[in-house]
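Let me give you the structure first, and then I'll get to my questions.
The values are calculated or read from the model by the stated rules, or taken from the named source; none is laboratory data. Because the structure is a prediction, the values reported are computed rather than measured. Note that we place each Cβ from the backbone using ideal geometry, even for glycine, and neighbour counts take in every protein chain shown. Ligands, DNA and RNA are stripped out before the accessible areas are found, and what is left, the full protein with its side chains, is counted by its heavy atoms. Shrake-Rupley method; radii C 1.70, N 1.55, O 1.52, S 1.80 Å.
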Amino acid sequence: MEANNRVNGLEEKIKGPTNPMVTPLLTDLYQFTMAYAYWKGGKHLERSVFDLFFRRNPFGGEYTIFAGLEECIRFIANFRIGEEEIAFLRQCLPPTCEDAFFDYLRGIDCSDVEVYAVAEGSVVFPKMPLMRIEGPVALVQLLETPFVNLINYASLVATNAARHRFVAGKSKMLLEFGLRRAQGPDGGISASKYCYMGGFDATSNVAAGKLFGIPLRGTHSHAFVSSFMSADEIVDKSLRSSNGSTTCEDFVGLVQSWLNELQYTESLRGSFGETNQSELAAFTSYALAFPSNFLALVDTYDVVRSGIPNFCAVALALNDLGYKAGGIRLDSGDLAYLSCESRKFFCAVEKEFGVPGFGKINITASNDLNEETLDALNKQGHEVDSFGIGTYLVTCYAQPALGCVFKLVEINKQPRIKLSEDVSKVSIPCKKRCFRLFGKEGYPLVDIMTGVNEPPPKVSERILCRHPFNESKRAYVVPQQVEELLKCYWSGDSGTPREELPPIKEIRERCIQQLDQMRPDHMRRLNPTPYKVSVSAKLYDFIHFLWLNEAPVGELQ
């Protein structure tokens, strides 16, 4: 399903949500019961403003990556309630609901809705609106649950990916291998998309590769290795050289001759004896199938005594025919030690046989990796070039939910506030603008919210930034750069120019760039410095005026 939207006078088609299950019925029942109550009370068309935000950064960190915006825009661009859905809603709602309400549902779309949001892939912080949604109150309530659902997991897993990237370092390749452990098909697809957005390089998920253009990586499993008994199972033993000029009629024999060479090489003597011949057969067969992309899983039997020598024999045979082996994967054992031993072996082979670059063959590690194991490997010292990460990444094992909320901040141009005995749950009222202020060194210093009618902060002009609720926390800031954060991404029929939805590679680049721009103490794993989120002096005064005005006055007797 596709919808049309006008952008700067030009009609643009916006595809429907990636997951066809994302429909107007993907919501909580109370959204429809509220919609009926609004309609019955004649309030359904009242103009409302809602903020979508979160209250606490995940994983014990001090930053979050905003993701999921494109799916929200796809959803509202194609928002229609069809006859099948109307029939189902009739069954769900009490029989006292009037027919005219269902006629109202048939006629609604999001042409009277506006969505302002932070750019997807941005670094964001608690309390700051990630999205501001304006429109008829009953309709916007119907958008609440789908929006929160689409933003929550996307932002959580993108942040998890960014944290893994930070620990691994920029030079390492990160591969997302989580599909089989993800929470269902949509969890797997979403994880692949948002891990790539958060800084991963590739995925094993073929469907995600097709849908989003994410690079794919993968080799073989232990089952492939253990499925072979001997080299006799290899029927076609011939392999053409990479340039097509010659053909090796007995590639199996060539591999065996190289293994013999390795066994009798002085510099390698004592590191291994007889290798597992069924493993050698598996590696040889795989190399015959993929001579240009030979990457072997070497821990099925014994990494040092069998897997590495067998791999090197096949890699050297491929080298004779003009091919370059892709590398190895370690999936168990002491990854730091095994990677170092593998590197020593590769370097010894390069020196002994004069094969340029052999010592730098790629080493990939997998096996239930997470932030902590990456950090431990760094401290131990290792020779891993690529990390394949699955379960802990895609399930967000360290924290299962982000906790986005969707709060009414204005209706009919009247500011509204949600109070709580827990100050962290008090909402920041009224329609707001949000700005990021940068200091002399180019780092972001503070994010500030202002009333929509206040003059925006200006470069080189001192502004008082206040903590929303703590009167003693305040500071003057003289920004060297000011960036407005909320921009229009869906204008409906308002005619407001809107931002285009960028391709995923651009979003990924923005994410990496924004993370590089952050001050290091905000990014560190242990005891990171909290980033400051503030309000203008005028908004601070208004929050506390409204708070006092709305809070009931107690009476003591």
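For the full complex of protein chains and a 1.4 angstrom probe, list GLU441, GLU461 by accessible area with the highest value first.
Putting GLU441, GLU461 in descending order of accessible area: GLU441, GLU461.
Considering only protein heavy atoms, what is the solvent-accessible area of CYS92 at a probe of 1.4 Å, reported in Å² to the nearest 10?
So the heavy atoms of CYS92 present about 60 Å² to solvent.
If you add up the charges near LEU546, with Lys and Arg at +1 and Asp and Glu at -1, over every other residue whose beta carbon is less than 12 angstrom from its beta carbon, what do you get?
-1
I would also like to ask the following. Quick check: at a probe of 1.4 Å, how many percent of the accessible area of segment 315-377 sits on carbon and sulfur atoms? All intermediate terms of the calculation are to be shown ahead of the outcome.
Values: 1240 of 2500 Å².
So the carbon and sulfur contribution to the accessible surface is 49 percent.
Give the aspartates and glutamates whose C-alpha is closer than 15 Å to that of LYS344, dropping any in the same chain fewer than 8 places away, or say none.
GLU266, GLU352, GLU383, ASP385
Looking at the square roots a ≥ b ≥ c of the eigenvalues of the Cα gyration tensor of segment 416-557, which shape do they give, rounded for a/c under 1.5, prolate if a/b is larger than b/c, or oblate?
prolate
May I pose another question? Considering the alpha-carbon set of segment 291-443 alone, what are its Rg and its Dmax in angstrom?
Cα-based Rg and Dmax for segment 291-443 come out at 26.0, 80 Å.
Calculate, in nm to one decimal, what ASP334 and ALA398 gain on full extension: separation in residues at 0.36 nm each, minus their alpha carbon distance.
Separation in residues times 0.36 nm, less the Cα-Cα distance, equals 20.8 nm.
Any idea what the dipole of the chain comes to, in debye rounded to 20, about its Cα centre with Lys/Arg Cβ at +1 and Asp/Glu Cβ at -1?
On the way: 59 positive and 67 negative charges, 366 e Å.
Computed charge dipole of the chain: roughly 1760 debye.
Also, quick follow-up: State the percentage of accessible surface on segment 84-155 attributable to carbon and sulfur atoms; use a 1.4 Å probe and exclude ligands, DNA and RNA.
Carbon plus sulfur share of accessible area: 52 percent.
Go through SER472, SER271, SER278 and list them by solvent-accessible area, largest first, probe radius 1.4 Å.
Sorted descending by solvent-accessible area, the residues read SER472, SER271, SER278.
Ok, one more. Tell me the relative contact order for segment 437-557 as a rounded percent, counting alpha carbon contacts under 8 Å between residues six or more apart.
Relative CO of segment 437-557 lands at 34 percent.
Provide the solvent-accessible area of THR18, counting protein heavy atoms only and rolling a 1.4 Å probe, rounded to the nearest 10 Å².
Near enough 40 Å² of accessible area.
Here's something else I'd like to know. For segment 482-557, compute the orientation-averaged projected area of the C-alpha convex hull (one quarter of its surface), in nm².
11.1
Quote to one decimal, in nm, the extra length available between ALA37 and SER238 on full extension: 0.36 nm per residue of separation minus the C-alpha distance between them.
64.8 nm
Here's a follow-up. Based on the alpha-carbon gyration tensor of segment 134-254 and its eigenvalue square roots a ≥ b ≥ c, which shape applies: rounded if a/c is under 1.5, prolate if not and a/b is larger than b/c, or oblate?
Prolate, because a/c is 1.5 or more and a/b exceeds b/c.
In addition: Roughly how many Å² is the accessible area per residue of segment 332-420, as a whole number, for a 1.4 Å probe?
45
Given a Förster distance of 41 angstrom, what is the FRET efficiency for ALA475 paired with GLU555, based on the Cβ-Cβ distance and rounded to 0.05?
It comes to 0.60.
Relative contact order for the chain: what is it in percent, counting Cα pairs under 8 Å that are at least 6 residues apart?
18
Next up: Which residue, chosen from PRO95, ALA77, ILE214, occupies the Cα position most advanced towards the positive end of the dipole of segment 71-214, where the dipole is computed from +1 (Lys, Arg) and -1 (Asp, Glu) charges on Cβ about the Cα centre?
It is ILE214, whose Cα lies furthest towards the positive end.
Right, next: With the Cα gyration tensor of segment 107-192 in hand, give its eigenvalues times 5 under a square root as the equivalent ellipsoid semi-axes, listed largest first in whole angstrom.
31, 17, 9
From the protein chains alone at 1.4 Å, what is the descending order of accessible area for PHE358, PHE212, largest first?
From most exposed to least exposed: PHE212, PHE358.
So how long is each side of the chain along the principal axes, counting just the alpha-carbon atoms, biggest first, in Å?
Ordered largest first, the chain gives principal extents of 93, 56, 55 Å.
Note down the accessible area of HIS220, probe 1.4 Å, to the nearest 10 Å².
20
Return the calculated 222 nm mean residue ellipticity for the chain, to the nearest 500 deg cm²/dmol, obtained by summing -39500 (n - 2.57) across DSSP H runs with n ≥ 4 and dividing by the residue count.
Helix contribution divided over all residues of the chain: -11000 deg cm²/dmol.
Next up: Could you run the Karplus curve 6.51 cos²θ - 1.76 cosθ + 1.60 with θ = phi - 60° over segment 380-395 and give me ³J(HN,Hα) per residue in whole Hz, x for Gly and Pro?
Those phi angles translate into 6, x, 8, 10, 7, 9, 9, 10, x, 10, x, 3, 5, 6, 7, 7 Hz.
Next question. May I ask for the Rg/Rh ratio of segment 377-452, computed from Cα atoms with Rh as the Kirkwood radius, given to two decimals?
1.19
Continuing with this model, one more query. Using the Cα gyration tensor of segment 248-362, with a ≥ b ≥ c the square roots of its eigenvalues, what is the shape: rounded (a/c below 1.5), prolate (a/b larger than b/c) or oblate (neither)? Walk me through the numbers on the way to the answer.
Working: a/c = 1.31, a/b = 1.20, b/c = 1.09.
The shape class here is rounded.
Now, a different point. Evaluate the Debye formula for segment 253-317 with equal point scatterers sitting on the alpha carbons, no solvent, and hand back log10 of I(q)/I(0) at q = 0.17 Å⁻¹, in q order, two decimals.
-0.51
For segment 436-513, give the percent of accessible area contributed by carbon and sulfur heavy atoms, probe 1.4 Å, rounded to a whole number. It would help to have the intermediate numbers written out before the result.
Numbers: 1910 of 4380 Å².
For segment 436-513, the apolar C and S fraction of the accessible surface comes to 43 percent.
Sum up the charges of everything whose Cβ sits under 12 Å from the Cβ of LEU316, counting Lys and Arg as +1 and Asp and Glu as -1, but leave LEU316 out.
Net charge around LEU316: -3.
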